[in-house]
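Every read-out reported here was derived from the displayed coordinates using simple, explicitly stated rules and does not represent laboratory data. Please read all numbers here as calculations on a predicted model, not as lab measurements. Don't worry about glycine lacking a Cβ; one is built from the backbone with ideal geometry, like all the others, and counts go over all protein chains shown.
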Amino acid sequence: MTATEPTGRPLDRTQLRAYFALTDVAALLRHGVEHQLREAGDLTFVQFQLLAILGLDSPTGSLRMTELADRVVFSRSGLTYQAGLMEKAGLLERGPSPDDDRGVLVTITDAGRERLARVLPGHVDVLRELLFAQLNGADVAALATLLEPVLQHMRAGPPRSAATRRRRRGGADEGPERDG
């Protein structure tokens, strides 16, 4: 049996409670975060993710487009579109990758760093208010311990950027997309 084949067994009450609690918490947290990001910086959640990954996680402030696509849960075409909007706004720059002729390198600009610095304090406040206020330190550690293996399991398959695209109606299979 593969992971996609149904077993015929329903979830038990505890599994259903956990499932609905997790999905509801994620939806409400995402709503609160998106509202704050729009108000404080006119950013979408994905745009914030891109700025945060480049500005906080990348020592150089740059990553290849495929690396970004693998880190965010977003379609490749959607990510390319968002990066284009952010480039027009002066928050990111895109250019050829020095390591790969077909690759696209995305770099946060000074304006992108300024926007990230502007939204980050309010973002942290929303996370503290909505997620962490009801938890003590041990609860937060337990939550991370519980969710990390689930996240690793979900990300264990091929990266989203490597997935082949579905056929378009009346068109040919596009195959793997170029980087960016």
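Non-local amide H neighbours of SER97 (under 5 Å, H modeled in plane, Pro and chain starts lacking H): which ones?
Those qualifying (amide H under 5 Å, at least 5 residues apart or on another chain) are GLY103, VAL104, LEU105.
How large is ³J(HN,Hα), in whole Hz, for each residue of region 105-115 in order, when computed from phi with the Karplus curve 6.51 cos²θ - 1.76 cosθ + 1.60 and θ = phi - 60°, using x for Gly and Pro?
9, 10, 10, 6, 9, 4, 5, x, 5, 5, 5
Using per-residue counts of other Cβ atoms within 10 Å, averaged over each peptide, order 106-114, 133-141 from highest down.
Descending mean neighbour count gives 106-114, 133-141.
Whole-Hz Karplus ³J(HN,Hα) for region 119-131, in order, using 6.51 cos²θ - 1.76 cosθ + 1.60 and θ = phi - 60°, x for Gly and Pro?
8, 4, x, x, 4, 4, 4, 5, 4, 5, 5, 7, 9
Amide H neighbours of ARG64 under 5 Å, at least 5 residues apart or on other chains, H built in the peptide plane: list them.
Counting only residues 5 or more places away or on other chains, the set is VAL106.
Just the ratio, please: alpha-carbon radius of gyration of region 25-155 over 2.2 N^0.38 Å, N its number of residues.
1.14
What order do you get for 24-30, 10-16, 54-60 when each peptide is scored by the mean count of other beta carbon atoms within 10 Å, highest first?
Descending packing order for the listed peptides: 54-60, 24-30, 10-16.
Wrap a convex hull around the Cα atoms of region 1-73, take a quarter of its surface area, and give that in square nanometres.
Answer in nm², one decimal: 7.6.
So if we plug the beta-carbon distance of ASP100 and ASP57 into 1/(1 + (r/R0)^6) with R0 = 22 Å, what FRET efficiency do we get, rounded to 0.05?
0.60
Points 7 angstrom from Cα along the Cβ direction at ARG38 and TYR81: gap in nanometres?
Rounded to a tenth, the inter-label distance reads 1.7 nm.
Excluding ALA111 itself, what net charge comes from residues whose Cβ is under 14 Å from its Cβ, given Lys and Arg +1 and Asp and Glu -1?
Charge balance in the 14 Å sphere: -1.
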